[in-house]
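For reference, the structure is listed below as structure tokens.
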Amino acid sequence: MYDHIIIRYGEISLKGKNRKGFITSLKKRVKQVLTDYDSIEVHQSFDRMVVKLNGANHEPVINKLKTVFGIHSLSVAIKTEHDLDLIKEKALQLVEDQQRGESMTFKVTVRRPFKQFPHRSQDMNRDIGGFVLRNTENLTVDVHNPGMELKVEVKQDGAYLSCNNSVGAGGLPTVQDNKVMLMLSGGIDSPVAGYLTMKRGVKVEAVHFHSPPFTSERSRQKVEDLVKVLTRYGGDIRLHIVPFTNTQKTIQKEMPDNYSMTIMRRMMMRITEKLAEQNHALAIATGESLGQVASQTIQSMNTINEVTNYPILRPLISMDKLEIMKISRAIDLYDISIRPYEDCCTVFLPEAPKTKPKREHANKFEQYLPVDELVQEAVAGVETIIINEKDEEFSDLL
């Protein structure tokens, strides 16, 4: 019965002169996620985007579109000609399909951007609502809090009727020039940070620090699987695997135990900055939440930030663990994140890390560390792989 899906823009509508560029990026991403459907057509307008199904099942298409940043809401719809009697008949079919014989309240909302249609919106509200009421049972009108809202949009190419409204991913569509390096561990926080960063229209490349034999191949696979989930929302993602064993062993041997975590994070930041320069990224994103652990106090962040001039994005900064876990579960990251394989941030964890490290102390200790050599060695040994959102081998991992 349904032949179209209506996509509503939300935040994009407020972008003024930049609106056209955002809509173009959104259309490109919509087409990317629907490449498996050869018959589908995507048409954009000033205030809507319409997907013409051409016989495709609407349910899997809706599920795909729910992962696209930039979509505020979407509805399956029926399209009909500029004929009030036809609109009434389609409205009745739509309501019956949604009601399925149950008692329900409803209202009709008509929008008429195509002003040449000879019937006014208020008149159509009454005519369509009355027709539906006369031909159904267990249905009453509630204009303030209806159980079902029948929407009719009369546009230049026809009338679109819809009932069920699905919430989209929100945010902004990805702009390729807005690239950020995501420092990705195997935990719960940083993948969620990656998701929220992408939600603001950013393309991410992930950086993971791997320390074999202290971290296993299963630990690395865990990270690849996390990135695979993130590709649902941002498309293909480049993952940079940084060899970090020698750096960590050197820090453990040469640095005071209580400052080893701070020095390690500073080294990670330096290496990530180099990778950002090489890959033309504009910022670095982390999964830090203020005060959650020793390396995430405001004093630690101040000391760690000293080694880079790049902007540090921290989308989780004000969230507590329960809030982060809720998002992680909602986007299918949580079960992967809790796999019991340690990453390099946990295998060398000191017994009593400094919670208020000072910049001058960190700089003093690093005088005894071959900082530049370690950074160059790590960057030279980076392995870069592309995680593809269309990789079918991942289907059994969730």
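The values are calculated or read from the model by the stated rules, or taken from the named source; none is laboratory data. Keep in mind the model is a prediction, meaning the values are calculated, not measured. Here the Cβ is made from the backbone with ideal geometry for all residues, glycine too, and neighbour counts use every protein chain on show. In case anyone asks, the SASA skips ligands and DNA or RNA and just uses the protein heavy atoms, side chains included. Shrake-Rupley method; radii C 1.70, N 1.55, O 1.52, S 1.80 Å.
Taking a ≥ b ≥ c as the square roots of the Cα gyration tensor eigenvalues, with a/c under 1.5 meaning rounded and otherwise prolate when a/b beats b/c, else oblate, which class fits the stretch 65-179? List each step's numbers first, then the result.
Details: a/c = 2.52, a/b = 1.53, b/c = 1.64.
Since a/c reaches 1.5 but b/c is at least a/b, the shape of the stretch 65-179 is classed as oblate.
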How far is it, in nm, from the label point at GLU59 to the one at GLN376 when both lie 7 Å from their Cα along the line to the Cβ?
-> 6.0 nm
Using the reciprocal of the averaged 1/r over all distinct C-alpha pairs, how large is the Kirkwood radius of the stretch 314-377 in Å?
-> 15.7 Å
Residues THR35 and GLU306, FRET efficiency given R0 of 45 Å [Cβ-Cβ distance, rounded to 0.05] | 0.50
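Quick one: if the Förster radius is 45 Å, what FRET efficiency do LYS253 and ILE338 give, using the C-beta to C-beta distance and rounding to 0.05? Before the final figure, lay out the partial values.
Numbers: r = 32 Å, r/R0 = 0.71.
That gives a FRET efficiency of 0.90.
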Net length gained if the chain between ASP320 and LYS390 were fully extended (0.36 nm per residue, minus Cα distance) = 21.9 nm
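If I stretch the segment between ASN135 and SER166 completely, what's the gain in nm (0.36 nm per residue apart, minus their alpha carbon distance), one decimal?
On the way: separation 31, 0.36 × 31 = 11.16 nm, distance 2.68 nm.
Contour length minus Cα-Cα distance gives 8.5 nm.
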Label-point separation in nm, GLU96 to GLN176, each point 7 Å along Cα→Cβ = 4.9 nm
Taking the Cα centre of each part, how many Å lie between the stretch 311-388 and the stretch 46-108?
-> 45 Å
Nearest 20 debye, what's the magnitude of the dipole of the chain about its Cα centre given +1 on Lys and Arg Cβ and -1 on Asp and Glu Cβ?
-> 1320 debye
Mean separation of Cα contacts under 8 Å (at least 6 apart) over the residue count of the stretch 144-204, i.e. the relative contact order in percent, is 31 percent
Taking Cα atoms, the helix 371-380 axis meets the longest principal axis of the chain at an angle in degrees (rounded to 10) of 50 degrees
Report, in degrees rounded to the nearest 10, the 0 to 90 angle that the Cα long axis of helix 121-134 makes with the longest principal axis of the chain.
-> 80 degrees
Extend 7 Å from the Cα of LYS15 along its Cα-to-C-beta direction; within the stretch 188-211, residues with backbone N under 17 Å of that point are 197-204
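Taking chymotrypsin sites (Phe, Trp or Tyr not before Pro) as exposed when DSSP calls them loop (any state but H, G, I, E, B) and at most 12 other Cβ atoms lie within 10 Å, what is the longest stretch of the chain free of them, the sites themselves excluded?
Details: sites that count: PHE46, TYR368.
With chymotrypsin sites (Phe, Trp or Tyr not before Pro) excluded where exposed in loops, the chain gives 47-367 as its longest stretch.
Carbon and sulfur: what percent of the stretch 273-398's accessible surface (1.4 Å probe)?
Numbers: 3720 of 7430 Å².
With neighbouring chains kept in place, the figure for the stretch 273-398 is 50 percent.
Fully extended, how many nm does the chain gain between GLN221 and ASP142 (0.36 nm per residue separation, minus their Cα-Cα distance)? Intermediate values should be presented prior to the final figure.
On the way: separation 79, 0.36 × 79 = 28.44 nm, distance 5.31 nm.
Separation in residues times 0.36 nm, less the Cα-Cα distance, equals 23.1 nm.
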0 to 90° range, to nearest 10: angle between helix 189-198 axis and the chain longest Cα axis | 50 degrees
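What is the magnitude of the charge dipole of the stretch 12-100 about its Cα centre, with +1 placed on the Cβ of each Lys and Arg, -1 on the Cβ of each Asp and Glu, and no other charges, expressed in debye to the nearest 20? Could you put the intermediate results ahead of the total?
On the way: 16 positive and 11 negative charges, 168 e Å.
Using Cβ point charges on Lys, Arg, Asp and Glu, the stretch 12-100 gives about 800 debye.
May I ask you to derive the FRET efficiency for ALA352 and ASP236 from their Cβ-Cβ distance with R0 = 41 Å, giving the value to the nearest 0.05?
Working: r = 42 Å, r/R0 = 1.03.
Once the sixth-power term is evaluated, E becomes 0.45.
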Computed over the chain, the relative contact order (Cα-Cα under 8 Å, seq sep at least six) in percent reads 16 percent
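Looking at the chain only, what percent of DSSP beta bridges run antiparallel? Nearest 5 please.
Working: 31 of 56 bridges.
Antiparallel: roughly 55 percent of the beta bridges in the chain.
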Rounded to the nearest 500 deg cm²/dmol, what is the calculated helix-only ellipticity per residue at 222 nm for the chain, with -39500 (n - 2.57) per DSSP H run of length n ≥ 4?
-> -11500 deg cm²/dmol
